[in-house]
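Reviewing the structure listed below.
Read the figures in this text as sums done on the coordinates, not as results from a lab. Note that the structure is a prediction, hence the values are computed from the model and not measured. A quick note on method: Cβ atoms are made from the backbone with ideal geometry, for glycine too, and the neighbour counts reach across all protein chains shown.
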Amino acid sequence: MLPKTYKKADVFFICQFSEARLRVIRCARTVAGKVEFLESKAREFPVLTDKETLSLNLGQILKELDFRDNPLIVSLPRAQATCRYLKIPSKIPSEVEQIASLQAPRYLPYQANELITAYQPILVDQDGYTHINLFIAHRDVIEDYTKIFKKLNVKNYSVFLSSVGLLNLYYTLNPQIKSSAILIDIDADQAQIAIVNKDNFFFSRSFKVPRNLPEWENVITQEINKTRNACLKETSYQDPEKIVIFGSPDNFQSLTEIVNKQTAIPVEIFPYWQKLSFPQVLLNQVSGSGVSYAHLVGLGLKSIPESASLLPPEIRSQARNNLKAREKLRVVYFLLCVVIIFALGVLKNIDNKVRFLGYVKAELNKIEKDARSIEGLQERVEFVEKSHQKKPSALDILYELHQIIPEEVVLTNFSYDQSGQIVLRGQTPQMNNIFEFVTRLEQSAVFRSFETKVRYASNKKSSVGDLIDFEIGGVKK
């Protein structure tokens, strides 16, 4: 069972599996936003294990770790994808994504519809070009994952390249570092190299490591030099200032000396687990010399933009629609709560007024001498009552909002107080949707008597892309 301090929504899982190995980590985010790594399960298989066996073992591990349809992050091995540094002649994210996907067949001999692409934006230059790191995977590779998850009824999952995890791990644990570096992650039989600089990685490669052979360290050095040369040729960025090896000094001390001698670049070993929270059993797994958990841990440390997701476009689109639907349901639920609370207040107010009017009428029948003055008082009371009835009710306002709100606008907050002030807060992907909303408010029969204006509109990033937070205020004229 999960610890009492963790809610279901706080727990998430990270996994990586190939034809020979399967690893899953259960994690949780605390109230303070800190990530804790709770438990891990692993399986080793003979080479070229079939998908049915992988699926069966993954299902067993998820059950052992008490998986309850929590979010699942998949680390795609670097060997199963291709990376290329590109300059795209646009700074509009949707255009960058489309152009990048059309460029993919230049690097893999397949049609565009046979490939799945994702990208990491690096910068936008003065000429309006967006520099990106393009990730390319064959559709069959990704669909093998989606078929397994469908069979296991896992719905909330994402797929990111393992190199992104190395980038996250290095800069999240070293936020003060702004210099470039070569990151090296050495697994049981594979290694990957990523050249990074200021929260971006420009180039990465994957290669086999024969650690059972003598002088295997020379293979690492050769691959470092190949990667440096290819990166400088493709990106024209400066040579990295240091080399960082994820692992334990006890395991890679000789490698450090050899790499430093043959590359003339400072080398350091980074035992990242010393800066993170691990229970003792998981700590022994992470700090061991057999396999590497660096890329898995890195993918869990912070959120990753949707543009880097290697899920098929149709699944990403469905996930965005599901998220929008959930957000709309939350807004509807919130508005219903507001209506109920306001309605209870209104009903209580009306009941009091009815009782008061009854009392006044009873007194009028008793007093004849002051009939005229009381009659005048009654007329004033009735006038106040009619004036109150002319004010738009919360139900009128909510119904009118439902009729006029643009399709792309989602309301997140609504308030309407006794003084006649209205505050609307929401989100939308485009600024012109806000202006259209204000125009419709001004033309509305209910809101025509209010003076409405946009109080603020600010950009923010979310899991469904760039959004604009806004607030519209309305005051009775």
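Taking amide H as placed 1.01 Å from N in the peptide plane, the amide H of S90 sits under 5 Å from that of T130, each at least 5 places away or on another chain. Residues in the range 399-410 carry Karplus couplings, in order, of 5, 5, 4, 4, 6, 10, 5, x, 4, 8, 9, 10 Hz; the curve used is 6.51 cos²θ - 1.76 cosθ + 1.60 with θ = phi - 60°, and Gly or Pro positions show x. Here the Karplus curve 6.51 cos²θ - 1.76 cosθ + 1.60, taken at θ = phi - 60°, turns the phi angles of the range 266-280 into couplings of x, 10, 9, 9, 10, x, 4, 5, 6, 9, 10, 9, 10, x, 4 Hz, with x standing for Gly and Pro. Rounded to the nearest angstrom and listed largest first, the equivalent-ellipsoid semi-axes of the range 183-309 from its Cα gyration tensor are 23, 21, 13.
Any idea what the dipole of the range 8-311 comes to, in debye rounded to 20, about its Cα centre with Lys/Arg Cβ at +1 and Asp/Glu Cβ at -1? Write out the running numbers ahead of the final one.
Details: 33 positive and 32 negative charges, 78 e Å.
My answer is approximately 380 debye.
Residue exposure proxy: S75, S90, S180, ordered by other Cβ atoms within 10 angstrom of their Cβ from fewest to most, comes out as S90, S180, S75. Our coupling estimate for the range 27-32, obtained by passing each phi through the Karplus curve with A = 6.51, B = -1.76, C = 1.60 and θ = phi - 60°, is 10, 8, 9, 7, 4, 7 Hz, Gly and Pro reported as x. Amide H contacts under 5 Å for R21: F45, restricted to partners 5 or more places along the chain or on a different chain, H placed in the peptide plane at 1.01 Å from N.
Past 24 Å, Cα to Cα, is the threshold; run K87/K461; K198/K460; K63/K147; K41/K198; K275/K302 against it and keep the listed order. Working shown, then result.
Numbers: K87/K461 22 Å; K198/K460 21 Å; K63/K147 18 Å; K41/K198 33 Å; K275/K302 15 Å.
Too far apart for the 24 Å limit: K41/K198.
Taken as Cα centroids, the range 252-277 and the range 125-190 sit 22 Å apart, rounded to the nearest whole angstrom.
Around the Cα centre of the range 392-477, unit charges on the Cβ atoms of Lys, Arg, Asp and Glu (plus for the first two, minus for the last two) sum to a dipole of about 220 debye.
A cut-off of 5 Å between modelled amide H atoms, ignoring neighbours fewer than 5 places along the same chain, links S292 with A188.
What FRET efficiency, computed as 1/(1 + (r/R0)^6) with R0 = 30 Å and r the Cβ-Cβ distance, is obtained for W216 and N284, rounded to the nearest 0.05?
My answer for the efficiency is 0.80.
With r defined as the distance between the Cβ atoms of A230 and V338 and R0 fixed at 51 Å, what FRET efficiency is calculated, to the nearest 0.05? Don't skip to the answer; put the middle values down first.
On the way: r = 58 Å, r/R0 = 1.15.
The value I calculate is 0.30.
Overall, the anisotropy analysis places the range 8-311 in the rounded class: the square-rooted eigenvalues a ≥ b ≥ c of its C-alpha gyration tensor yield a/c less than 1.5. For the pair K453 and H138, a Förster radius of 60 Å applied to the C-beta separation gives a FRET efficiency near 0.70, rounded to the nearest 0.05.
Check the straight Cα-Cα distances from K261 and name the aspartates and glutamates below 20 Å, setting aside those fewer than 8 residues away within the same chain. Correct list for K261: D185, E215, E217, E223, D239, E241, D250. Counting Lys and Arg as +1 and Asp and Glu as -1 over every other residue whose Cβ lies under 10 Å from the Cβ of L467, the net charge comes to 0.
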